[in-house]
Amino acid sequence: MRLLLVVAAILVAGSAAAEHPHVYLVVVDGLDARLATPERMPRLFDLAVRDAERTSVFAAAHAVMPTDTNPNHVSLLTGVYPSAHGITGNLYWRRAPDAPVEKLDQAAFIEVETLFTVAEETSPELETAGVFAKPKLAQLFAGVPGRQRAPDVLWSPAQASPAGRDPATGYSFDSATIGALLAATADREPDLAVVNLADVDRTAHARGPDSEECSRAIAGADAAIGRLVDQLRALERWDRSVLIVTADHGFTSLAPSRERPYPVITFGRDLLRAGVTGVHVVADGGIEHVYADGVSADATDAGDAQERLAHVAEVARGAPGVAEVLARLPVPDVALLASVHPDWHLAHQRSGDILLVAAPGHEFVDPFDPVFAGMLGNHGGPGEATVPLVVTGGDARLARAPAGTPAPNVVDVAPTIASLLGLRPTRRMDGSPVPPEESGRPIAAVLH
């Protein structure tokens, strides 16, 4: 009898494992929605014809703010907004005297579980893989004892050959990145595989999003997606696969023009000229965080720093290229971030006390750095929040979203994957649930 029960349990487990599809999430870093077209990406858009009844194309999905790599990848793999997961940009200041500006690129900074953590802790039989062209993303989704679990396969550019990496950035080329994914999954079919392709982002920064070089990078990303589809078909996996292709942010061109001869905003200099002290500025592309000394991480008001922050706001309103001045905490005569842009979900202690938003075609560079000032494309602001999102595959659970379906947010991707894999929603690190208003929802329109 005991043997029969064991055999029955094995059969049930095997049946349960076969009930879910295998999900592949491809993030084309920096792919602006306006550049994701059938002409530039024929392999991707061919799926909308070849598998039309199971393909949904959202030409204008939404990235989270700020439109940077780190917050959006974390939202993609947690299903919550930055106010909940804590990755409020690529950089921050930790509100400690004499502390430098620091990168938000460590897994320990994430304040909720990732999909990898949920899968490893609740369904360890699931095979997961993370293949990241940017070294910092491999760090963000690494394991942290007692906090986060890494995917079963975690690949970073350090594992690529020197010929497979860009020497200036250290990012792996898309051909090497997709090659690593194909090699890692050839013999072991993953239940969840996530890949970041970085050539579009790298090229759009250096050459501009409208350059010929960027067009070639987009074609290369499309070819990489095509290689993945070809392998899934060749291994007869396509009929049980779901492929999700999206981006973490778009791009704005920084090419100088007659109307905008100098797109760089070095706001720290403006503050020095105005005699404003006792603040720290953190530039993050189209966004700049301004932190006041003496405001604690858990403060609910700016206290004695209100007058100083009001002075910062006054200087910012007169700075060329600054489009918006917003306050996270109440400051006299400054619009509250949560009131003006409640959909940004940036009410977190790592956000600045004042948030500055650059006008389209401008970027913050503080302190001045000739490398960053020389870039021809950047992102971070609301103008770069429109991204493509394509859900396709051969799995019978997929449906074509009806015309008029509201455009999803990248924060809806993780709940959709969790629904497909039978995983519970991610939780805070103390085990408590994330409030619904800070979470995404499954994209029901793409599923039967």
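Any idea what diffusion coefficient the chain gets from Stokes-Einstein, in µm²/s, Kirkwood Rh on alpha carbon pairs, 37 °C, 0.692 mPa s?
So the translational diffusion coefficient is about 145 µm²/s.
Tell me, in nm to one decimal, what length is gained between residue 444 and residue 298 on full extension, where the rule is 0.36 nm per residue of separation less the Cα-Cα distance? Intermediate results must be reported in sequence, preceding the final value.
Numbers: separation 146, 0.36 × 146 = 52.56 nm, distance 3.70 nm.
Gain on stretching residue 444 to residue 298: 48.9 nm.
Starting with the fewest neighbours, write out 104, 140, 182 ranked by other beta-carbon atoms found within 10 Å of each beta-carbon. Present the calculation step by step, with values, prior to reporting the outcome.
On the way: 104 22, 140 26, 182 18.
If I rank by nearby Cβ atoms, fewest first, I get 182, 104, 140.
Taking Rh as the Kirkwood radius computed over C-alpha pairs, what is the Stokes-Einstein D of segment 293-448 at 25 °C in a medium of viscosity 0.890 mPa s, expressed in µm² per second?
The diffusion coefficient I find is 128 µm²/s.
Would you mind checking which residues have amide H under 5 Å from residue 22's amide H? H placed 1.01 Å from N; only 5 or more apart, or other chain.
Answer set, sorted by chain and number: 241, 242.
State the answer as a single residue: which of 417, 355, 168 lies farthest towards the positive end of the charge dipole of the chain, with beta carbon charges of +1 for Lys and Arg and -1 for Asp and Glu, about the Cα centre.
Result: 417, furthest along the dipole toward the positive end.
Skipping prolines and chain starts, which residues have an amide H placed within reach, meaning under 5 Å, of the one on residue 427, given they are 5 or more residues away or on another chain?
Correct list: 113.
Take the alpha carbon atoms of segment 173-194, find their center, do the same for segment 41-79, and report the distance between the two centers in whole angstrom.
The distance from the Cα centre of segment 173-194 to that of segment 41-79 comes to 19 Å.
Provide the gained length on full extension for the span residue 260 to residue 99, in nm with one decimal, where the gain is 0.36 nm per separating residue minus the Cα-Cα distance.
Result for the pair: 54.5 nm of gain on full extension.
Report the residues of segment 185-206 in range of a label on residue 230: point 7 Å along Cα→C-beta, backbone N strictly under 16 Å from it.
186
Taking the Cβ of each residue in 103, 136 as the centre, tally the other Cβ atoms inside 10 Å and list the residues starting with the fewest. Mind dumping the intermediate values first?
Numbers: 103 14, 136 19.
By the 10 Å Cβ count, ascending, the order reads 103, 136.
Using θ = phi - 60° and the Karplus form 6.51 cos²θ - 1.76 cosθ + 1.60, what ³J(HN,Hα) does each residue of segment 69-74 get, whole Hz, x for Gly and Pro?
Couplings: 4, 5, x, 6, 5, 5 Hz.
What size of dipole, in debye to the nearest 20, comes out for segment 264-375 about its Cα centre when the only charges are +1 on Lys and Arg C-beta atoms and -1 on Asp and Glu C-beta atoms?
160
Of all GluC sites (Glu not before Pro) in segment 234-313, which ones are in loop regions per DSSP and have a Cβ with at most 13 other Cβ atoms within 10 Å?
On the way: sites: 236, 259, 288, 307; in loops: 236, 259.
In loop regions of segment 234-313 (DSSP not H, G, I, E or B), the sparsely surrounded GluC sites (Glu not before Pro) are 236, 259.
Can you work out the Karplus-derived ³J(HN,Hα) for every residue in segment 403-408? Use 6.51 cos²θ - 1.76 cosθ + 1.60 with θ = phi - 60°, whole Hz, and x for glycine or proline.
Taking θ as phi minus 60°, the curve returns 4, x, 4, x, 5, x Hz for segment 403-408.
Cα centroid distance between segment 359-421 and segment 99-159, in Å?
Answer, in whole Å: 20.
Considering only the chain, what is the antiparallel percent among its DSSP beta bridges, to the nearest 5?
60
To make sure I understand, if each residue's beta carbon is the centre and we count other beta carbons within 10 Å, what order do 375, 41, 429 fall in, fewest to most?
Ascending number of Cβ neighbours within 10 Å: 429, 375, 41.
Go ahead and set up a Gaussian network model of the chain, Cα springs under 10 Å, then flag whichever of 395, 304, 353 fluctuates most.
Looking only at 395, 304, 353, the biggest GNM fluctuation is shown by 304.
Checking a compactness column here: for segment 264-375, what do you get for Rg(Cα) / (2.2 N^0.38 Å), N being the number of residues?
Relative to the 2.2 N^0.38 Å estimate, segment 264-375 comes out at 1.00.
Once amide H atoms are placed 1.01 Å from N in the peptide plane, what residues at a sequence separation of 5 or more from residue 378, or on another chain, have their amide H within under 5 Å of its amide H?
HN-HN under 5 Å from residue 378: 252, 254.
Apply the Karplus curve 6.51 cos²θ - 1.76 cosθ + 1.60, θ = phi - 60°, to the phi angles in segment 259-273 and return the couplings in whole Hz, x for Gly and Pro.
6, 9, x, 9, x, 8, 10, 10, 5, x, 5, 4, 5, 4, 4
Would you mind working out the magnitude of the charge dipole of the chain relative to its Cα centre, with +1 at each Lys and Arg C-beta and -1 at each Asp and Glu C-beta, to the nearest 20 Debye?
Using only the charged Cβ atoms, the result is roughly 600 debye.
Gain in length, residue 274 to residue 34, computed as 0.36 nm per residue apart minus the alpha-carbon separation, to one decimal in nm?
Gain in length upon complete extension: 82.4 nm.
Would you please state which residues of segment 180-220 a label at residue 161 would reach in this model, taking the label point 7 Å out along Cα→Cβ and a backbone N cut-off of under 13 Å?
So the set is 180.
With a cut-off of 8 Å between alpha carbons and a minimum separation of six or more residues, what is the relative contact order of segment 264-375 in percent? Intermediate results must be reported in sequence, preceding the final value.
On the way: 189 pairs, mean separation 41.8, N = 112.
The value is 37 percent.
Between residue 424 and residue 369, with labels modelled 7 Å along Cα→Cβ, what's the label distance in nm to one decimal, could you check?
Here the answer is 4.1 nm between the modelled labels.
Throughout, read-outs are computed from the coordinates displayed, never taken from laboratory work. From a predicted model like this one, the values you see are computed outputs, not experimental measurements. All Cβ positions, glycine included, derive from the backbone under ideal geometry; neighbour counts span all protein chains shown.
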